[in-house]
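The values are calculated or read from the model by the stated rules, or taken from the named source; none is laboratory data. Since we're looking at a predicted model, the values are computed, not measured. Don't worry about glycine lacking a Cβ; one is built from the backbone with ideal geometry, like all the others, and counts go over all protein chains shown.
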Amino acid sequence: MAKIDAFFKLMNEQKASDLHLVSGQQPVLRIRGDLERVKYRVLDDNELRSMLYEITPEDKIKVFEETGDLDFAYEIPGLARYRVNFFVQKNGIGAVFREIPSEILSIEQLGLPSVIGRLALLPRGIVIVTGPTGSGKSTTLAAIIDEANRKRKEHIITVEDPIEFVHTSKSCLINHREVGTHTRTFSSALRASLREDPDIILVGEMRDLETIRLAVEAAATGHLVFSTLHTQSASKTVDRIIEVFPVGEQAQIRSTLADGIRAVVSQALFKRIDMKGRIAVLEILIGTHAVRAMIRESKTHQLTSAIQTGKKYGMQTLDDSIAYHLKAGRIDPNEAYMKCVDKDKFRQYLTGPPPDFTEI
């Protein structure tokens, strides 16, 4: 057993989502969104480097020492997998570990709206799950892929950096590919996947123009593509995809995206006040004919209105989702106010001054 594994066991026992190990600091856990120090000595650079290198493949160590940054996955059988990032900071080496549960929770177990499950059964198109880092995008996508794995008889290819949730083939055939280990880049893996008889393609992140271009084109040519972006609303997601392209190409990509888009799910995590844990709050845009026309005609500013009037299709605004959980007593009014869009709508629930004084 590696020396560092003791920290992962503590992390699991404390239900922490992240572990921070940084030279010159005590270990820190993120529990329910808050950082809490572990009662342990301050970590020395040499000691921490030795501890981290014990679990790092030789070729990855070489990459880290050349670049100062590294991403990979580490697994403790029977416990969990971890998404790992190494970096160099003022006092030496640092590392952050995100726990990826070994059990993939279903859409029902996560308490997600039923329309999310229906996305797994779409014949083609692109579905984008968005939100800030740590908002649960990977967990939502894993639940969708698991739904497809149980209910379809098709070929699923995932391309991630690193591989997070590991799916066992059920009714589907699943192949996992890791950037840097099994393929050079997201774009090269996506380009190759089109020759590998895929039905469903999961692209862990649309990081650059070429990856976005290939993902949108794959969706437009009959594949079902799932991916993520670090945007915070449906309309901003559409704008972000289009604005990545040179001005001369934007009209074409706007048309291709309009043809292929099937849904944008934008989410945030809230602490639960009724029990331990956190809950995802979702904005959902469904690619109806009207929505696609708005995208094609450069009227993305109207998408919020389309969501508000599209409840019969399973659409919901972020504020409506927040209000639903707030009235059910699951989330705190202050956090609801901080993360909502329409502050006036939620000011009535505050028991004191707004927590963000710039909103006054």
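Would you say S255 is touching a helix residue (DSSP H, G or I) at 6+ places or on another chain (Cβ under 8 Å) and buried (at least 18 other Cβ atoms within 10 Å of the Cβ)? Against the criterion (touching a helix residue (DSSP H, G or I) at 6+ places or on another chain (Cβ under 8 Å) and buried (at least 18 other Cβ atoms within 10 Å of the Cβ)), S255 does not qualify.
Out of all the residues in segment 292-310, is one or more closer than 22 Å to L141 by Cα and assigned to a helix (DSSP H, G or I)?
Yes - at least one qualifying residue is present in segment 292-310.
The residues listed here are G92, G111, G68, G78; of these, the one that is in contact with an Asp or Glu (Cβ under 6 Å, 6 or more places away or on another chain), surrounded by fewer than 17 Cβ atoms within 10 Å (Cβ to Cβ) and over 24 Å from A220 (Cβ atoms) is G92.
Per-residue answers, yes or no, for (1) touching a residue at least 24 places away in the same chain (Cβ under 8 Å); (2) buried (at least 19 other Cβ atoms within 10 Å of the Cβ); (3) assigned by TED's automatic domain parsing to the domain that holds A306; (4) among the small types (G, A, S):
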{"position": "E160", "(1), (2), (3), (4)": "yes, yes, yes, no"}
{"position": "E164", "(1), (2), (3), (4)": "yes, yes, yes, no"}
{"position": "R177", "(1), (2), (3), (4)": "no, yes, yes, no"}
{"position": "S188", "(1), (2), (3), (4)": "no, no, yes, yes"}
{"position": "D199", "(1), (2), (3), (4)": "yes, no, yes, no"}
{"position": "L202", "(1), (2), (3), (4)": "yes, yes, yes, no"}
{"position": "R213", "(1), (2), (3), (4)": "yes, yes, yes, no"}
{"position": "S235", "(1), (2), (3), (4)": "yes, yes, yes, yes"}
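When segment 87-117 is filtered for residues that are outside any loop (DSSP other than H, G, I, E, B), among the polar types (S, T, N, Q) and either in contact with a Ser or Thr (Cβ under 8 Å, 6 or more places away or on another chain) or closer than 28 Å to P77 by Cα (or both), the ones remaining, listed by number, are Q89, Q109. Say whether the condition of being surrounded by fewer than 22 Cβ atoms within 10 Å (Cβ to Cβ), without any contact (Cβ under 8 Å) to a residue 12 or more places away in the chain, of a type outside the set (S, T, Y) and over 22 Å from G287 (Cα atoms) is met by at least one residue in segment 132-142. No, segment 132-142 contains no residue that is surrounded by fewer than 22 Cβ atoms within 10 Å (Cβ to Cβ), without any contact (Cβ under 8 Å) to a residue 12 or more places away in the chain, of a type outside the set (S, T, Y) and over 22 Å from G287 (Cα atoms).
Within segment 91-115, the set of residues being touching a residue at least 40 places away in the same chain (Cβ under 8 Å) and either out of contact with any strand residue (DSSP E or B) (no Cβ under 9 Å at 6 or more places or on another chain) or of a type in the set (V, I, T) (or both) comprises I93, V96, I100, I104, S106, I107, S114, V115. Counted as qualifying within segment 1-72 are no strands (runs of 3 or more DSSP E), as none has 1 or more residues that are more than 29 Å from V179 (Cβ to Cβ) and not assigned by TED's automatic domain parsing to the domain that holds R83.
Residue by residue through segment 184-216, note down the ones that are in a strand (DSSP E or B) and under 10 Å from D161 (Cα atoms). Passing the criteria: only V203.
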